[in-house]
Amino acid sequence: MAMVKDIAEGYIIVSEHTFKKFQPPDVQSFLTELDKLLREIRSVMTPPDDIEALKRKNRRLQRLNQAQTIVQAFRAKFRR
C-alpha cells in the first residue's frame, strides 16, 4: 500500500523495470491496492472553488491510472 501511495504522490516514477522483480501474486495485490486508492481518491469531494485541490486530486488520479496501464501492459507481455 505504501508504494501505491508513493506513486500517487509522485515520489516513485513507474516503468516496466519497476515491476521486474514482482511475482504474479505481488502484481495482483499491487493492482488491488491501486484500485482501492483510486476509489478512495475519487470519493473525496473537493470544493468547486478550490482549484489547487482539484489539480492535486487530478494529478494523483493521473499518476495512478498511468501506473495501472503500465502494470497491465507488463502482465500482458509476460503472459505470452
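Can you count the Lys pairs in the chain with C-alpha separation below 22 Å, eight or more apart or on different chains? Here the count comes out as 9. Computed from label points 7 Å out along Cα-Cβ, the spacing between ARG75 and SER29 is 1.5 nm. Return the Rg/Rh value of the chain, two decimal places, where both radii are evaluated on C-alpha atoms and Rh is the Kirkwood radius. In the chain, Rg relative to Rh is 1.03.
Over all other residues within a Cβ to Cβ distance under 13 Å of LEU34, the charged ones net out to +2, with Lys and Arg as +1 and Asp and Glu as -1. Relative to the Cα centre, the charge distribution of the chain, modelled as +1 at Lys and Arg Cβ and -1 at Asp and Glu Cβ, gives a dipole magnitude of about 400 debye.
We did not get these values from a lab; they are worked out from the coordinates using the rules stated. Not measured: the values here are computed from a predicted model. Please note: Cβ atoms are built from the backbone with ideal geometry, for glycine as well, and neighbour counts cover all protein chains shown.
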